[in-house]
Structures are given as structure tokens and as C-alpha cells.
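Enquirer: Pasting a structure below so you can have a look.
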Ligand SMILES: Cc1ncc(COP(=O)(O)O)c(C=O)c1O
């Protein structure tokens, strides 16, 4: 065992090379013992036999999702479990995620700051989960660094604050982006947008054209759309970006719970520079998420957020900062989100992304086939070729208001959908054919916001029976919504 003086131990601690418990031991003994993980004392008596470990599959996962059978009061006072078709917004918790969080709370301590065994254990979990995230994204710490963030929105804002150096920088985005991957750039520099086609797919040739015509610094694109579910060929976009000397940022918020994703492409130029996602969209409702970036990129930039945890030493007039990832993580970490994320990754991988994709395809197909036969309906996106979609289906009626319909679906049938423009207004206006004048009218509309679509978005636990039930009640819900509309104030041309 190597010996270490107090000063060196504290220095190594500050650099994050050794854990606080190890530093403390070194200060006391002049040695660097391995931090001994302390397992919680579960109480005396004969230990209960360990239950056989559960194997999670697409067929049994519904049994391990919190709240699916929870009766919810409907408008008429009856109670029934909700059908949750709003998983693109957020996903319910997995039972194993909650169990893991509960168990880790027994040894909960401050991360990287405490001098206690519990602090060591929590710090260890916090750090090793970074490797799990990297592995989940098909890579390792050899090339990439995982930085924890609060949400995808937080991560994209941090990236924009770190990467944009001048208002004259040019960022290439697409018209299919969520506001979280549009406004952080738009508010800092010039953004040029690749168009989508009439079905809503990103036009790759437009990306190439814009890259040729502009000195683009960063290309940013969603991996999957929260409006149409289209999956982007981000490795193709990465190749285009790199050939033009640009970096690529991928908004992974809608892909992580639906498809296996790899930072590495088939060839080096196809690999992704930065990827961002939220943990709450993958069955762990404690906030959190991550930016995964090329290590040399992450080390070369830092977001404009500072505070505790980011520094080695601060004097009256100078500051010595830590390296990434700490430099990107100012403030006390959200440990429980990291614990939940690690477990959610384990479960999703065990269920398997092939099985998840196949399941979503089945649900998408059934829903779309059922919807297209309804009178006066518009189903957005491609209704024939759907293998490039995650589980998201959006639609509209020419004679029913989307808000009134969504309210009726929830109040009378306990079906949770989402309606509106889903924080992707430019994309939704394109798909629905809303004009500039109508958009301006919409901004002034204060009583009933009526433009947009209804969205059904699937999670791994939704069933074909739920889709059948939805299709069965939809005609009645539409008729009732038409009645409801008589009580609402008209306020835009689409009403
Ligand atoms: C495609 C996409 N990007 C980014 C976000 C932002 O995610 P969060 O609200 O978790 O920050 C969302 C949220 O719906 C999304 O769908």
C-alpha cells in the first residue's frame, strides 16, 4: 500500500483521483486504503431468502410500471385506471427504479464533498454510472465523457452556452426541432434551418445545401421527433457535418427509451460529437439526464455556469477550475436521478431495444390503420411506411377542436393524450398548413388555444388492447367533443 502525506491526499481528493474516505484515511494514517464500501445493516434475525431475480421482458414489463392500474376519477365520478398515451412528454416510473432509489437512500451521502463512508458509496455510484451511460450509448470513457445535467433542455442550453462563441457563429438546425434544440441556439447566434418534406421527414439534401452555402460551425438535429416520431439518420448527418468541418449535436430526448443508440458510426466521420437526453423520458422520474461528448471537445469547452464543485481553489482574485466533467456540473448533484437512470438503463437493455421497437411498430400500425378509416380525420406523417418512426402518432379532425377532444378523452374515458404544438411550433405549423397570419392570431388568442394536433405516444408498457379501446371510444368522444365545442369561445380560423 502506497503512503501518502496529508497535503498530497487532499490534492488528489480535489482532483477527484481518490474518494473522500480514502483521503481521510490517508490524513489519519499516512496511507491510501481502498475506500471500503459499507453495506447497510438490514436488521437482526434470520435473513429472509433472497427473491429470485426478475427477468424483464416486453411481455412482463407492464407488471413493473408504477401506477398503470391506479384508478383515477373520471368526470362522472367513476374510477378506472388511466390509459397513458403521453409517454413522449414523460414516462411513469419503473418499479425496479424506485426500489433501487429506495435502497440507495440507505447509504445516501453528499457526492464528492463528504467525509463519510456513505458519501464514498454515493460518490462511487455517481461516478460509475457515468460509465454505464457511456456503454448504453455504445461507447466508453476512452473517447467520450458523460456530464450529468438536469434535463435535455438544460443540457442543450449548456451546450449552446459552451459552443457558441460569437453572434456571427452559424448553427444548422432543422425545422423538426423541439424548442429546446432551437431557441438556445437562436438566442445566441445565427441559425439556418434545413426543411422537412410534406410528410414531415427531414430533407437531408437541404442539410448538405446549407452546409455548402454557409460556414456552419455546429449542426444540431433531433434523433427522433416528438411530433411525428421520425428517427433521423444522425450518422449520415454527422458525416455531412464533419466533411464540412462542423461538429454535430444530437438531441436524444425521444430516442433513448425507444431505440438502441450508438455514439459511434460505421466510420469515424459518422460518429457523434455531442448527445443530450433526459432521464425522465426513460422511466426514472427524478429529473436528470446527460450530455455525452467527445472528451477532447468537452474538455476544450465549458458552459457559462459556475459554482461549487467546479473549482480546485479560489483566491481573492483568481480561480483554479477542475476539468470536465466536474467543470460542467456546478452545484450539488442530483444523485437520485443518477441512481434511477442507472437502473432504468439496466432494465431497458434487459427488455431489449429490438423487442421495444417491434412492439412500438405493432402499436403504431394498429393505431394508424384504425385512425385512417375515421371520417374527417387527418393523420400526420407517413401512414404507409412507418418503420422509421418511434411510437408517436399525431392526428387532427377537420371538424373538431383538438383541445376539446383531448379534454373529453381524459374526462370521460380516462385516456391521457397531448394536444397542441408540442414545443415544436414551426414543425407543427408546417405539417398542419398554418399560415404566418394564423400564427400571429394564435399568439393573441387568450381563451381557447385551438391550433395543433392530438398526439398519442407509446411507452414500453402500452398494449394492443389499449389501442383497441381507444379506437373503439374515439367516434363517440369526437361526437361529444363536437357538443362540447358549442360551449367554448371561437378564437381562431381553424376552430
Ligand atoms: C425532442 C425533444 N427534445 C427535447 C425535449 C426537452 O426535454 P426536457 O423537457 O426533458 O428538457 C423534449 C421534450 O419533450 C423533446 O421531445
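The values are calculated or read from the model by the stated rules, or taken from the named source; none is laboratory data. Just so it is clear, the model here is predicted, and its values are computed rather than measured. Methodologically, a virtual Cβ is constructed for each residue, glycine included, from the backbone with ideal geometry; neighbour enumeration extends over all protein chains shown.
Enquirer: Could you check, for segment 433-445, whether at least one of its residues is in contact (Cβ under 8 Å) with a residue 12 or more places away in the chain, assigned by TED's automatic domain parsing to the domain that holds residue 83 and in contact with a strand residue (DSSP E or B) (Cβ under 8 Å, 6 or more places away or on another chain)? So that I can check it myself, show each step before the final result.
Expert: Going residue by residue through segment 433-445, those that are in contact (Cβ under 8 Å) with a residue 12 or more places away in the chain are 434, 438-439, 441-442, 445.
Of the ones still in play, those that are also assigned by TED's automatic domain parsing to the domain that holds residue 83 are 434, 438-439, 441-442, 445.
With the extra rule that they be in contact with a strand residue (DSSP E or B) (Cβ under 8 Å, 6 or more places away or on another chain), the set shrinks to none.
Scanning segment 433-445, I find no residue that is in contact (Cβ under 8 Å) with a residue 12 or more places away in the chain, assigned by TED's automatic domain parsing to the domain that holds residue 83 and in contact with a strand residue (DSSP E or B) (Cβ under 8 Å, 6 or more places away or on another chain), so the answer is no.
Enquirer: Looking at this structure, is residue 183 within 16 Å of the ligand (Cβ to nearest atom) and at pLDDT 95 or above?
Expert: yes
Enquirer: Additional query: Report the residue count in segment 306-329 for those that are buried (at least 16 other Cβ atoms within 10 Å of the Cβ) and either within 16 Å of the ligand (Cβ to nearest atom) or on the phi > 0 side of the Ramachandran plot (or both).
Expert: Here the count works out to 1.
Enquirer: If a residue must be more than 20 Å from residue 460 (Cβ to Cβ) and either part of a loop (DSSP other than H, G, I, E, B) or outside the structural domain of residue 253 (by TED's automatic domain parsing) (or both), how many such residues does segment 106-137 contain?
Expert: Of the residues in segment 106-137, 11 are more than 20 Å from residue 460 (Cβ to Cβ) and either part of a loop (DSSP other than H, G, I, E, B) or outside the structural domain of residue 253 (by TED's automatic domain parsing) (or both).
Enquirer: Looking only at segment 220-246, how many residues end up being away from the ligand (no atom under 16 Å from the Cβ), closer than 24 Å to residue 257 by Cβ and surrounded by 21 or more Cβ atoms within 10 Å (Cβ to Cβ)?
Expert: Selection size over segment 220-246: 1.
Enquirer: Further, regarding this structure: Say we look at segment 421-434 and pick out the residues that are within 12 Å of the ligand (Cβ to nearest atom) and on the phi > 0 side of the Ramachandran plot; which of these is surrounded by the most Cβ atoms within 10 Å (Cβ to Cβ)?
Expert: So the residue we want is 422.
Enquirer: Looking at the structure I just gave you, is residue 355 crowded, with 20+ Cβ neighbours inside 10 Å and at negative phi? Explain how you work it out, then say what you get.
Expert: On the way: crowded, with 20+ Cβ neighbours inside 10 Å: no; at negative phi: yes.
Criteria not met by residue 355.
Enquirer: Of all residues in segment 360-402, count the ones that are assigned to a helix (DSSP H, G or I), at pLDDT 95 or above and more than 20 Å from the chain's Cα centre (by Cα).
Expert: 11
Enquirer: A further question on this structure: Hey, among 256, 292, which residue is away from the ligand (no atom under 13 Å from the Cβ), touching a helix residue (DSSP H, G or I) at 6+ places or on another chain (Cβ under 7 Å), closer than 27 Å to residue 329 by Cα and at pLDDT 95 or above?
Expert: 292
Enquirer: Considering segment 65-87 alone, what residues qualify as being in a loop (DSSP other than H, G, I, E, B) and either out of contact with any helix residue (DSSP H, G or I) (no Cβ under 7 Å at 6 or more places or on another chain) or in contact (Cβ under 8 Å) with a residue 60 or more places away in the chain (or both)?
Expert: In the first step, residues of segment 65-87 are kept if they are in a loop (DSSP other than H, G, I, E, B); the result is 66-70, 74-78, 82, 85, 87.
Answer for segment 65-87, where residues must be in a loop (DSSP other than H, G, I, E, B) and either out of contact with any helix residue (DSSP H, G or I) (no Cβ under 7 Å at 6 or more places or on another chain) or in contact (Cβ under 8 Å) with a residue 60 or more places away in the chain (or both): 67, 68, 69, 70, 74, 75, 76, 77, 78, 82, 85, 87.
Enquirer: For residue 398, all conditions in the list (1) touching a strand residue (DSSP E or B) at 6+ places or on another chain (Cβ under 9 Å); (2) touching a residue at least 60 places away in the same chain (Cβ under 8 Å) hold save one; what is the number of the exception?
Expert: It fails just one condition, (2).
To keep it simple, each residue is scored yes or no on (1) modelled with pLDDT of 95 or more; (2) closer than 30 Å to residue 251 by Cβ; (3) outside any loop (DSSP other than H, G, I, E, B).
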| residue | (1), (2), (3) |
| --- | --- |
| 9 | no, no, yes |
| 12 | no, no, yes |
| 21 | no, no, yes |
| 38 | no, no, no |
| 56 | yes, yes, no |
| 63 | yes, no, yes |
| 89 | yes, yes, no |
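Enquirer: Still on this structure, I have one more. Among strands (runs of 3 or more DSSP E) lying entirely in segment 157-226, which contain 3 or more residues that are without any contact (Cβ under 8 Å) to a residue 40 or more places away in the chain and either over 25 Å from residue 304 (Cβ atoms) or in contact with a helix residue (DSSP H, G or I) (Cβ under 7 Å, 6 or more places away or on another chain) (or both)?
Expert: Per the criteria, 190-194.
Enquirer: How many residues, within segment 298-322, are within 21 Å of residue 135 (Cβ to Cβ) and in contact with a strand residue (DSSP E or B) (Cβ under 7 Å, 6 or more places away or on another chain)?
Expert: 1
Enquirer: Next up: If I ask for residues that are within 16 Å of the ligand (Cβ to nearest atom) and touching a strand residue (DSSP E or B) at 6+ places or on another chain (Cβ under 7 Å), which ones from segment 81-129 would you list?
Expert: The answer is 84, 85, 86, 87, 88, 89, 92.
Enquirer: Is one or more of the residues making up segment 268-280 within 13 Å of the ligand (Cβ to nearest atom), in the same structural domain as residue 149 (by TED's automatic domain parsing) and more than 16 Å from residue 147 (Cβ to Cβ)? Before the answer, list the steps.
Expert: Restricting attention to segment 268-280, the residues satisfying the condition of being within 13 Å of the ligand (Cβ to nearest atom) are 275-280.
Among the residues that remain, those that are also in the same structural domain as residue 149 (by TED's automatic domain parsing) are: 275-280.
Imposing the further condition that a residue be more than 16 Å from residue 147 (Cβ to Cβ) reduces the set to 280.
Yes, that holds for at least one residue.
Enquirer: If you don't mind, there's one more thing I want to ask. Name every residue in segment 159-178 that is surrounded by fewer than 17 Cβ atoms within 10 Å (Cβ to Cβ) and within 16 Å of the ligand (Cβ to nearest atom), in order of residue number.
Expert: 161, the sole residue that qualifies.
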